[in-house]
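Right, one structure below, let's go through it.
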Amino acid sequence: MDSEDWLQSEIARLHASADSDEVINDIATLLLQTDTFSYVFQLRTRLALLYQRQQNYELAMDQYNILIDLNPNDAATYNERAELHLWMGNEEAALADWNTSLKLNREADYIFYERALLHVRRRQYELAIQDYSSAIALNDTHAPYYLDRGYYYELLESFELSMLDYQKAIELRPSWSLPYNNRGNLYMGKKQYEQALQDFNTAIELHDQDALYYHNRGFTYQMMGKWELAVQDYYRCLELEPDRAQIYYNMMEYHLERGEHNWALQVCRQLIENDPYDSGHYMKMAHILLELKRYDEIEPYVQHVIDNDIDPDQAYNMMGLAHYRRGHLEEALMYYNRAIELAPKMDIYFDNRALVYQHMDKPIEAAQDRLIADRLRRYRHLSPVPDHTK
């Protein structure tokens with residue numbers, strides 16, 4: 001084997017080898033042994049990708065810069081460097097490289113697809129859709145292009161266009177589970193539960209290890225009133241992904257609907273443990289404890305909402321309810337006053353305070369609060385609907 005054949009064999013071996021520091025050292029050695037442009041370009045491209053996969057982004061960038069100096073007309077290298085810029089948070093540099101790449105090669109569908117990633121990161125979904133459409137115009141047989149464009153049509157509430165794209169993705173790759181799941185979500189939005197159920201069934205048949213699919217099918221069963229089937233799917237979802245907070249919430253609703261408050265309480269505790277930052281979970285716990293007449297246990301959960309929520313009026317109202325149920329009228333009045341101060345248009349708060357005044361033998365104050373509550377309800381009922389056609 002002459003030196004040329006040996007060099008080609010070594011380059012092929014390095015391209016086929018798993019990423020490692022040994023490969024980096026071998027590439028460095030070969031670069032010292034050749035100045036043939038095509039070999040140097042192949043080796044440095046492999047080295048740049050290897051560094052990038054190892055998250056040595058600065059070293060990868062050095063290699064891409066050298067590659068562009070070697071060949072400033074290679075669209076693929078600009079595309080690769082643009083991806084690296086995006087990973088490093090340099091959005092403007094990424095956009096500049098993608099624009100240059102497309103000037104050099106307007107026929108590369110994958111470059112439009114990659115540039116769409118930047119638009120998505122910037123939440124410029126219309127621009128992302130334009131790039132997906134350009135990619136599709138160049139290659140109309142690649143299912144991920146339709147799936148991604150469909151998803152951003154959905155975010156922009158262009159549901160019919162989204163449906164068409166999901167259906168096209170299914171047509172092109174019928175063994176891919178994700179388009180069925182996404183189309184099922186669209187059917188759910190249209191309350192076409194049977195069609196949604198068919199799609200979620202297919203998604204699970206194709207990929208039975210995705211917790212999301214069981215969650216979505218379980219919620220479909222729930223909306224259809226088939227709670228037993230819903231619970232089976234929720235439990236399967238939790239087996240696959242134990243920290244999925246929404247499942248605990250749905251399970252809690254299931255137990256509450258059946259009047260199983262103690263079971264709901266256990267699920268709610270798990271929900272708070274898995275997702276301790278959502279004030280709504282703490283308020284739900286307070287409601288369950290209220291139903292169970294465990295008034296002494298409510299305060300720490302409500303206090304968490306008061307301390308952490310920007311609109312804690314419901315928490316003050318809940319504290320008022322708990323104290324009222326225990327006969328602590330002065331404390332109840334104090335909390336209702338605070339709730340009304342924060343949300344003076346909530347009629348229920350005035351109704352609740354009226355009950356306190358009534359039990360405190362203050363009929364005038366009670367009557368005044370009931371009058372205010374009635375006026376607020378009438379005002380809400382009679383408020384004109386804004387005319388958005390003008």
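The values are calculated or read from the model by the stated rules, or taken from the named source; none is laboratory data. All values derive from a computational prediction rather than experimental measurement. All Cβ positions, even for glycine, are placed from backbone atoms using ideal geometry, and neighbour counts span all protein chains on display.
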| Restricting the search to segment 47-92, which residues are within 24 Å of LYS103 (Cα to Cα), in the same structural domain as HIS15 (by TED's automatic domain parsing), buried (at least 21 other Cβ atoms within 10 Å of the Cβ) and not polar (S, T, N, Q)? | ALA48, ALA60, TYR64, LEU67
| note | Every listed condition ((1) of a type in the set (Asp, Glu); (2) under 26 Å from LEU172 (Cα atoms); (3) touching a Lys or Arg at 6+ places or on another chain (Cβ under 8 Å)) holds for ASP97 save (2)
| task | Within segment 69-87, identify whether any single residue is without any contact (Cβ under 8 Å) to a residue 24 or more places away in the chain and more than 29 Å from the chain's Cα centre (by Cα), and answer yes or no. | result | yes
| field | Among the candidates ASP97, ASP131, residue that is closer than 23 Å to TYR152 by Cβ, of a type in the set (D, E, K, R), more than 28 Å from the chain's Cα centre (by Cα) and at pLDDT 95 or above | value | ASP97
| task | Could you please let me know if PRO344 is assigned to a loop (DSSP other than H, G, I, E, B), out of contact with any strand residue (DSSP E or B) (no Cβ under 8 Å at 6 or more places or on another chain) and of a type outside the set (D, E, K, R)? | result | yes
| Considering segment 203-217 alone, what residues qualify as being of a type in the set (Ser, Thr, Tyr) and farther than 11 Å from LEU178 by Cβ? | TYR214
| Which one of these does MET334 not meet: (1) farther than 30 Å from HIS207 by Cα; (2) part of a helix (DSSP H, G or I); (3) of a type in the set (A, V, I, L, M); (4) under 28 Å from the mean Cα position of the chain (by Cα)? | (4)
| message | Restricting to segment 10-21, count the residues that are within 11 Å of LEU50 (Cβ to Cβ) and among the charged types (D, E, K, R). | response | 2
| For segment 29-55, how many residues are over 18 Å from GLN8 (Cβ atoms) and not polar (S, T, N, Q)? | 5
| task | Go through the residues of segment 240-256 one by one and say whether even a single one is within 22 Å of the chain's Cα centre (by Cα), under 30 Å from ALA135 (Cβ atoms) and crowded, with 16+ Cβ neighbours inside 10 Å. | result | no
| message | Being buried (at least 23 other Cβ atoms within 10 Å of the Cβ) and under 30 Å from PRO242 (Cβ atoms) is the requirement here; does ALA332 meet it? | response | no
| query | Considering only segment 1-52, how many residues are under 26 Å from PRO72 (Cβ atoms) and not in a helix (DSSP H, G or I)? | reply | 3
| request: Please enumerate the residues belonging to segment 105-116 that are touching a residue at least 24 places away in the same chain (Cβ under 8 Å) and either assigned to a loop (DSSP other than H, G, I, E, B) or crowded, with 17+ Cβ neighbours inside 10 Å (or both). | output: ASN105, GLU107, ALA108, ASP109, ILE111, PHE112, TYR113, GLU114, ARG115, ALA116
| request: Just name the residue that is farthest from ASP148 (Cα to Cα) out of those in segment 168-197 that are polar (S, T, N, Q) and either surrounded by 15 or more Cβ atoms within 10 Å (Cβ to Cβ) or in contact with a Phe, Trp or Tyr (Cβ under 8 Å, 6 or more places away or on another chain) (or both). | output: GLN195
| field | Any pair with Cβ under 7 angstrom, 6 or more apart, that starts in segment 211-236 at a residue that is of a type in the set (Lys, Arg) and ends at one that is buried (at least 22 other Cβ atoms within 10 Å of the Cβ) | value | ARG217/PHE200; ARG217/ASP233; ARG236/TYR214
| field | Top-ranked residue of segment 264-298 - restricted to ones that are touching a residue at least 12 places away in the same chain (Cβ under 8 Å) and of a type in the set (S, T, N, Q), ranked as surrounded by the most Cβ atoms within 10 Å (Cβ to Cβ) | value | SER279
| request: Go through segment 3-29 and count every residue that is surrounded by 13 or more Cβ atoms within 10 Å (Cβ to Cβ) and at pLDDT 80 or above. | output: 4
